[in-house]
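For reference, the structure discussed in these notes is given below.
The values are calculated or read from the model by the stated rules, or taken from the named source; none is laboratory data. Quantities reported herein were computed from a predicted structural model and do not represent experimental measurements. For neighbour counting, all protein chains shown are included, and Cβ atoms are generated from backbone atoms with ideal geometry for every residue, glycine included. For accessibility, only protein heavy atoms count, side chains too; no ligands or nucleic acids. Shrake-Rupley method; radii C 1.70, N 1.55, O 1.52, S 1.80 Å.
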Amino acid sequence: MENEEQKTLLAVPARIYEVGSILSFNKALQEWQKFAEIKERETTEYKVVFVGNLLIFVGGWYESTDGGSDEVYCYNLETKEWSDMPRLLDSREGLCVAQLDDVIYAIGGVSQSYEILKSVERYNPSIGKWEPVANMQTPRVGAAAVALNGEIYVIGGSFEDYLNSMECYDPKTNEWQQCADMAETRKWLSATVHKGYIYVLGGMNVEYLDTVERYDPVSDVWTKISSLSVGRKNICTFSLDNTLWSVGGQNDDESNVVELYDEENDKWLEQKALPVGGVYEHLWVPTNLANQLTDMCS
């Protein structure tokens, strides 16, 4: 990543009970440390993205109605203020989110009326509103999404049953195309781009999965690689210093396991555990702005 030395890698909790800890990665010590705190809001199980100077929280589960939320709100790292943003067109619990340049895509999930959605919408900061794009071919909840080579890939999830399918959206044509299926069905899986491939980790079908698959977008082929040491869902996964990382997640409890993938020997190596286990979204934030997070509870 460009100017990586000027950026801080943060893990922002996706579920907060009263107060949640934002973690930062200390490269010198190769460990995650508590960095800031954030108070619970009415919406939880949201997705978090970073655009401009804003941490943006999208959709999720709305506690007061026990259903999907259309709320979008942000924390301005410069002014240290919370504010509401334009609401989603559809309420979405269990959505997935992808970011292509500064454009945010909110994909699938479950509506307030408990309908599993195939609808997709995007938010362009230069326009300042959400607008619909073409629907996916398959409704999905609990899927994963990544951006690669100017396109968006949506993977797995469930609709009537667990899914192993993947489809790809081209914003230039506003069309979805079916891609090769994974070997396993997966809901609440995690996905990231690493060295030009898409990796999917864990998730669940009838049990928590420890399996990992890699997708080659050139050949449209999935390959299984070595399994994680611990099966879990909703893992925070990312590429750091040309290494694939697997952080936290859930199984029967909130996991604090941290692993990195040894490609040469095709195995996962456990690292120092998280100070607080759970489900996190990873974000790269300029260090001068990240330092403003200390007051998020005020």
Q: For n ≥ 4 DSSP H runs only, could you compute -39500 (n - 2.57) per run for the chain, divide by its residues and tell me the 222 nm figure to the nearest 500?
A: 0 deg cm²/dmol
Q) Carbon and sulfur together cover what percent of the accessible area of the chain at a 1.4 Å probe radius? A) 42 percent
**Q.** Whichever lysines have a C-alpha closer than 18 Å to that of Lys7, once near sequence neighbours (fewer than 8 apart) are set aside
**A.** Lys27, Lys34
Q.
Report, in listed order, any pair from Lys47/Lys187; Lys47/Lys224; Lys47/Lys129; Lys233/Lys272 with a Cα-Cα distance greater than 21 Å.
A. Lys47/Lys224
Q: Taking the Cα centre of segment 12-75 as origin, work out the dipole magnitude from +1 charges on Lys and Arg Cβ and -1 charges on Asp and Glu Cβ, in debye rounded to 20.
A: 400 debye
Q) What percent do you get for the relative contact order of the chain when only Cα pairs under 8 Å and 6+ apart count? A) 15 percent
(Q) Give me the 1.4 Å probe accessible area per residue for the chain, excluding ligands and nucleic acids, in Å². (A) 43 Å²
